[in-house]
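No value in this document is a laboratory result; all are computed from the given coordinates. All of these numbers come straight from a predicted model, not from anything done at the bench. Glycine gets a Cβ as well: all are built from the backbone with ideal geometry, and neighbour counts include every protein chain shown.
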Amino acid sequence: MTNLRKELEKCKHPNSRKTKALGKKARRQNNKHKLRLGHAIKSNLLGEKLSWFLGHIDEGRTTPLSPQEFENLIALYLQRFDEELAQIALKQSIGKHRAHQHAARRDVINITLERERNEYQSGGMEMLNLCDAAKFKALLDWDGSALSVQHLKLDFVSHNMLQRLKQPANGAQMETA
């Protein structure tokens, strides 16, 4: 990028072909950088989500989660900010003169939770299906780095999908009874 700046400074005329070509090259490099940055942010967010789930699974567990356990874990995941929201509400109730001190953080949390709830209830949250033995083992073997998230095969886990996974289990129990 610094070489492009030097070359642009050397150009005599602002409308010359060389100046336009260098400007085009600079924009292209800038767009590539933005694209890479977007992928890195997505990988970091997904890595944080997977590390949260990994941290809340029993350490000695080797068998995949049942659909009911997975649903309970997702419900716990969607309630992860409740304590922080309660602290913000407490601070607001104490200090009446600073009513909107933590409004930005509260709004970010509410938007994030609303988006994740909508994803879970409709199309599905992008994550590993922990009811599948191979994907559960992949999560346990995961080293925790954001770079290796791209190698994990992710699914869209939704409320309806977990209900469908529960159905055969309930049908099998009724047949044996």
*What is the pair-distance distribution P(r) of segment 74-152, computed from all Cα-Cα distances in 10 Å bins starting at 0, with each bin given as a whole percent?*
15, 31, 30, 16, 7, 1
_Please report the equivalent ellipsoid semi-axes of segment 39-104, computed as sqrt(5 x eigenvalue) of the Cα gyration tensor, largest first, in whole Å._
33, 17, 9
*To one decimal place, what Kirkwood hydrodynamic radius in Å is obtained for segment 117-171 from all pairs of distinct Cα atoms?*
12.3 Å
*asked:* Over segment 3-122, what portion of Cα pair distances is larger than 22 Å, expressed as a whole percent?
replied: 63 percent
*Per DSSP H run of n ≥ 4, the term is -39500 (n - 2.57); total these for the chain, divide by its residue number, and report the mean residue ellipticity at 222 nm rounded to 500 deg cm²/dmol.*
-22500 deg cm²/dmol
*So for the pair Leu54, Tyr77, with labels modelled 7 Å out along Cα→Cβ, what separation do we get in nm?*
1.4 nm
*When the chain is modelled as a GNM with alpha-carbon springs shorter than 10 Å, which of His39, His13, His159 fluctuates the most?*
His13
*Too long at a 21 Å Cα-Cα cut-off: which of Lys10/Lys32; Lys49/Lys91; Lys12/Lys34; Lys49/Lys153?*
Lys10/Lys32; Lys49/Lys91; Lys12/Lys34
*Please determine, in degrees from 0 to 90 and to the nearest 10, the orientation of helix 82-94 with respect to the longest principal axis defined by the Cα atoms of the chain, where the helix direction is its Cα long axis.*
70 degrees
_Linear extension gain, Ala26 paired with Ser66, 0.36 nm per residue minus alpha-carbon span_ = 9.2 nm
_³J(HN,Hα) computed for each position of segment 20-30 - Karplus, 6.51 cos²θ - 1.76 cosθ + 1.60, integer Hz, glycine/proline x_ = 5, 5, 5, x, 5, 5, 5, 4, 5, 5, 5
